[in-house]
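First up is the structure itself, then whatever we jot down about it.
The values are calculated or read from the model by the stated rules, or taken from the named source; none is laboratory data. Treat the numbers as computed from the prediction; the structure is a model and nothing was measured. For neighbour counting, all protein chains shown are included, and Cβ atoms are generated from backbone atoms with ideal geometry for every residue, glycine included.
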Amino acid sequence: MKKIIVNKSGAELRAVECPKCKEQIIHPADMNCLEHYNHLKGKTYNVKLRLVGNSHTISIPKEIINFMHEQERTMDNMVRLCFEDMTRMSLRFGRFEEEF
């Protein structure tokens, strides 16, 4: 078996692969993280929009923040807010490359 990295749903998972039959076995801890992510991804959260000074704020549910910390990703102070269409905004955390 040979160690490899498998991309699933944008996540990099550790795995081993048989060079002959190409069968892959994903690391159980990484599979649990992917299942936890899929569980969170399927939820809809109701949050309040608040006025703080001249800005509006929302709070991010604790279980999402906890999941991000569990992934050992460094949460940067940079957050990108994208206005996608008339009824949709997205927040992106971390370092960004210029998107064109």
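Considering every residue within the range 55-74, establish whether at least one is farther than 21 Å from Phe93 by Cβ and not in a loop (DSSP other than H, G, I, E, B). Within the range 55-74, none of the residues are farther than 21 Å from Phe93 by Cβ and not in a loop (DSSP other than H, G, I, E, B). Within the range 23-51, residues that are assigned to a helix (DSSP H, G or I) have Cβ atoms under 8 Å from residues that are surrounded by 11 or more Cβ atoms within 10 Å (Cβ to Cβ) and among the basic types (Lys, Arg) in these pairs: Asp30/Arg14; Leu34/Lys8, counting only partners at least 6 apart in sequence or on another chain.
Evaluated against (1) within 19 Å of the chain's Cα centre (by Cα); (2) modelled with pLDDT under 85; (3) loosely packed, with under 12 Cβ neighbours inside 10 Å; (4) of a type in the set (A, V, I, L, M, F, W, C), Phe100 falls short on exactly one condition, (1).
For the range 1-10, filtered to residues that are hydrophobic (A, V, I, L, M, F, W, C) and not in a loop (DSSP other than H, G, I, E, B), the residue that is surrounded by the fewest Cβ atoms within 10 Å (Cβ to Cβ) is Ile5.
Test of understanding: among Ile26, Ile58, Ile64, which residue is over 18 Å from the mean Cα position of the chain (by Cα), within 26 Å of Val79 (Cβ to Cβ), of a type outside the set (Ser, Thr, Tyr) and surrounded by 11 or more Cβ atoms within 10 Å (Cβ to Cβ)?
Working: Ile26 fails: within 26 Å of Val79 (Cβ to Cβ); Ile64 fails: over 18 Å from the mean Cα position of the chain (by Cα).
One residue alone meets the criteria, Ile58.
Filtering Leu40, Leu13, Leu34, Leu49 for residues that are among the hydrophobic types (A, V, I, L, M, F, W, C), out of contact with any Pro (no Cβ under 6 Å at 6 or more places or on another chain), within 23 Å of Phe93 (Cβ to Cβ) and exposed (fewer than 10 other Cβ atoms within 10 Å of the Cβ) leaves a single hit, Leu49.
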